[in-house]
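Since every read-out is calculated from the coordinates, none of them should be taken as a lab result. All values derive from a computational prediction rather than experimental measurement. Here the Cβ is made from the backbone with ideal geometry for all residues, glycine too, and neighbour counts use every protein chain on show.
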Amino acid sequence: MSLDVGLSLPGDKAAHRGSWTVTSLLAIAAVFVAAILLRQVLPFNVDVSWWLIVSERMLDGQRLYVDILETNPPMAGSVYFLAVALARLVHLRPEVVADALIFALVAASLALTWRILRISSLRDSVAGAPAVWAAALLAILPMYVFGQREHLALVALLPALAVYILRANRERVAPSAMLIAGLCAAATMNFKPYFVFAVGFCILTAAAQARDWRVLFAPENWIAAALVVIHGICIVVFYPEYLTLIYPLVRDVYLLLKAPLLAILLTSATALWIVAIMVVLALHGRHRKPDAASLVMMAGSLGFTVSFFVQGKGWDYHAYPMVALSLLAAGWAISAGDDERAGSRRLRAGAMFVVALIFANACLWFNASVDMRQVQDQVARLGPRPKILVLSAAAVIGHPMVRELEGTWVSRQEAFWVREIVRRAQMDGTIDSEMAARLAGYVARERAGIVEDFKKQPPDVVVIDNENSDWGNWVAADPELSALLKPYIPVNNINGIEILRRADQARS
């Protein structure tokens, strides 16, 4: 009996097909089990932890971009907001619900992608190894960046990719698939405007492959564009501070934080992406023209690569979608190869080995995190559920520590990056004295926020980062901040990270 619903196959072929589908489902289930087990041993991501705090505060009545300082558009926190709301409803930790929700989104993305492609000419190719490979790339490969916006953006894009592949093949697209693709592409672009490159490159490639300019104006593209516009209007109406307060801050300060182009070119992510694309091209070679699926996936990967370079940070999670999609293209090219000549079999075997190496190296790269357990253990000894203030631009010092200790974050922002970016820009000669004077207003506003939050909710523990910057000297030179810290006594200094507690706080 065949499990491939909607596909009628005769006799032995049907039996074989059903057996392979069962094997695929079991393999995908094994991938999810492995990924869930990984979540139990890997540290929770710093930014995801912060977004859970943001979501909790919003549910408690605080206003995003007014009471909470965040540079990302509202869509970035939608999944985490839902996770916190569900967690309160079922009385579970938000971290657990967030992970469960993301796994559910991955499963839904894979199911929708399969459903879109199952009535196409690719139906015999997508239910086997490519489906298992896609599950591994979405559920296991993210490692420490699991749940980051780039991860969610790729999860959302997959069903839209399926429709773009159908367009490139000049195949029929069901109205429901058009709607799904439009929703998914819009969600991807609404996470970050940079992701328009990935969606746009896929659409352009589909049109070029189909040799039909009308693909550019397919219904799903109009749906996606309309939803992006609606999202923008909602920001203007419901979050006007994003445009009046956050956008100028991002434009004038945050965009100063850029790594040199050469440094980004030399990252492991760039090398892994290049090798994966070379594998795809080598498998096609001179005798086999790249198929539509490979072309669309490579185009999407290239779009995410442009996004990676345009953002200019070189951070691991920014590179996740470009690497994952290039590996998906490589896996597809290996699976789609139908040339049984000895030379071709050797090439495919070699490609499988190279792709496995890329996957392993990518897992290591995406698992990079800063170990703050010593700091967390010391803070934990100072008392239960502490109110914590961390004077640092390094978000990894305070997150996810504050949530692990069930404490309270004493600040309106994830970390104090404004002063640090301006300071580094002055040291590097990126800005002149005139621009530095103009940016001083942003630094003063951040400092005023620190003082206000401190007075509103005096922390039990203050952590001062003298490892990555000179926050100790900065506080000492500020009379008001020094006065606020007079009731605090040093407890420990861990590699330049100074930990203070209130003098009247009982020792644990």
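Taking a ≥ b ≥ c as the square roots of the eigenvalues of the Cα gyration tensor, segment 219-289 is oblate, since a/c reaches 1.5 or more and a/b is not larger than b/c. The fewest-to-most ranking of 212, 252 by surrounding Cβ atoms within 10 Å reads 212, 252.
Cross-link partners of residue 258 among lysines, defined as those whose alpha carbon lies under 21 angstrom from its own and excluding same-chain residues fewer than eight positions apart: 192, 313.
Across segment 78-86, computed HN-Hα scalar couplings (Karplus, 6.51 cos²θ - 1.76 cosθ + 1.60, θ = phi - 60°) run 4, 5, 5, 4, 4, 4, 5, 4, 5 Hz from first to last residue, x flagging Gly and Pro. Residue-wise HN-Hα couplings along segment 107-116, as the Karplus relation 6.51 cos²θ - 1.76 cosθ + 1.60 with θ = phi - 60° gives them from phi, are 4, 5, 4, 5, 5, 5, 4, 4, 5, 5 Hz; Gly and Pro carry x. Which one, (i) 24.8; (ii) 25.8; (iii) 23.7, gives Kirkwood radius over Cα pairs in Å as derived from the coordinates shown? Checking each listed value against the structure points to (i). Proximity of backbone amide H atoms, modeled 1.01 Å from N, is registered between residue 415 and no other residue at under 5 Å, excluding neighbours fewer than 5 places apart on the same chain.
Go ahead and run the numbers for FRET between residue 91 and residue 259, Cβ-Cβ distance against an R0 of 56 Å, rounding to 0.05. Numbers along the way, then the final one.
Numbers: r = 43 Å, r/R0 = 0.77.
With a Förster radius of 56 Å, E is 0.85.
Rounded to the nearest 5, the antiparallel percentage of DSSP beta bridges internal to the chain is 60%.
Full extension of the chain between residue 22 and residue 123 gives 34.8 nm of extra length, using 0.36 nm per residue less the Cα-Cα distance.
Given the -39500 (n - 2.57) contribution per DSSP H run of 4+ residues, what per-residue ellipticity at 222 nm results for the chain, rounded to the nearest 500 deg cm²/dmol?
Working: 23 runs with 327 residues, N = 508.
The helix contribution divided over the chain gives -21000 deg cm²/dmol.
Is the C-alpha gyration tensor of segment 344-437 telling us rounded, prolate or oblate? Criteria: a/c under 1.5 is rounded; beyond that, a/b larger than b/c is prolate, otherwise oblate.
On the way: a/c = 4.25, a/b = 1.45, b/c = 2.94.
Oblate is the answer for segment 344-437, as a/c is 1.5 or above yet b/c matches or exceeds a/b.
Annotation for segment 96-130 versus segment 462-492: alpha-carbon center distance of 51 Å. Residues whose amide H lies under 5 Å from that of residue 408, counting only those 5 or more places away or on a different chain, are 387, 388; hydrogens are built 1.01 Å from N in the peptide plane.
Separation of segment 390-404 from segment 427-460 is 19 Å, based on Cα centroids. Helix 268-284 versus the longest principal axis of the chain: what angle, 0 to 90°, nearest 10, using Cα atoms? That works out to roughly 0 degrees. Against the chain, whose longest principal axis comes from its Cα atoms, helix 11-41 is set at around 10 degrees.
Using unit Cβ charges (K, R positive; D, E negative) and no other charged atoms, how large, in debye to the nearest 20, is the dipole of the chain about its Cα centre?
1140
Taking amide hydrogens as placed 1.01 Å from N in the peptide plane, the amide H of residue 488 sits under 5 Å from those of 503, each at least 5 positions away in sequence or on another chain.
In straight-distance terms, cross-link reach from residue 387 covers every one of the aspartates and glutamates whose alpha-carbon lies under 13 Å from its own, apart from those fewer than eight places away in the same chain; here that gives 404, 406, 453, 460. Working note: Karplus 6.51/-1.76/1.60 with θ = phi - 60° gives segment 424-433 the couplings 5, 5, 5, 5, 7, x, 5, 10, 8, 5 Hz, where Gly and Pro are set to x. For 433, 469, the sequence from fewest to most other C-beta atoms within 10 Å is 433, 469.
Quick check on the exposure proxy: order 49, 24, 125 from fewest to most C-beta atoms within 10 angstrom.
125, 24, 49
Please label the shape of segment 42-98 as rounded, prolate or oblate, based on the square roots a ≥ b ≥ c of the eigenvalues of the alpha-carbon gyration tensor (a/c under 1.5 means rounded; beyond that, a/b larger than b/c means prolate, else oblate).
Numbers: a/c = 2.07, a/b = 1.30, b/c = 1.59.
It is oblate, given that a/c is not under 1.5 and a/b is not larger than b/c.
Normalised by the number of residues in the chain, the average gap of Cα pairs under 8 Å and 6 or more apart makes the relative contact order 14 percent.
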